[in-house]
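Reading through the structure tokens given below for one structure.
The values are calculated or read from the model by the stated rules, or taken from the named source; none is laboratory data. Not measured: the values here are computed from a predicted model. FYI the Cβ positions are ideal-geometry reconstructions off the backbone, even for glycines, and counts take in every protein chain you see.
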Amino acid sequence: MAENRKPSIEGVLFDWDGTLINSYHADTSAYLAMFKEMDISWGIAELEKNYSPNWYQVYRAAGLPRRRWKDADRAWRRHYAKHRPKLIAGARRVLARLGNAHNLGLVTSGDRDRVTRQLREFRLTKLFAVRVYSGDTMRKKPHPDPLRLALRQMELHPSACVYVGDAPQDVEMAKRAGVCAIGVLGPFPTEKRLRAAHPEFLIGSIEELPDVLKRLLR
């Protein structure tokens, strides 16, 4: 007779922007300033309607020619650097608590230089066993490649992991990788689309995450 084994969660992986860091003001301010430089007549309403963690989708929606994408990237980074986003309330406490029981990973659409600097500033770098950034895979969220790369590096099976994110692309990536998707409502304008993506769990705050993991282990 097969032995009955208790379910386990070996890995808890996270999105960064909007999930652990409140970068909404910095991100949108940088976008709006960049749009102005690129002569794109978009305001906050257009940005929120077309927002995606994959900023190239935003560029496409705004009709920005591909030849100008690098200029737009540089403009966005320059304006973003004027801001200092804060961690989401409770994020540090939750990470410290979960890190005692699970392997933690980060899978973000953010570029390596920017997110690495922020992790260092918040003294969070060592908490994550693996960190996957936007340039680490050819295909970006919602393609499962970034999450699959993290799982390979952590040597964990998808069924033993969860992924936590605030955007529908996070949910789709997790599902396509065979990982339990936990949606968290954050500061970015993604709630309606996040709900429509049907994550296995939807929480209103990162501080609810430990309780959700306990429910999964019952």
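Some values worked out for this structure:
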| item | result |
| --- | --- |
| Odd one out for PRO53, checked against (1) at pLDDT 90 or above; (2) buried (at least 19 other Cβ atoms within 10 Å of the Cβ) | (1) |
| Boolean, ALA150 is in the same structural domain as LYS192 (by TED's automatic domain parsing) and more than 15 Å from SER23 (Cβ to Cβ) | yes |
| Test result for LYS175, of a type in the set (D, E, K, R) and touching a strand residue (DSSP E or B) at 6+ places or on another chain (Cβ under 8 Å) | yes |
| Test: residue in region 6-15 that is in contact with a Ser or Thr (Cβ under 6 Å, 6 or more places away or on another chain), aromatic (Phe, Trp, Tyr) and outside any helix (DSSP H, G or I) | no |
| Number of the condition not met by VAL132 [criteria: (1) over 28 Å from GLU48 (Cβ atoms); (2) at pLDDT 95 or above] | (1) |
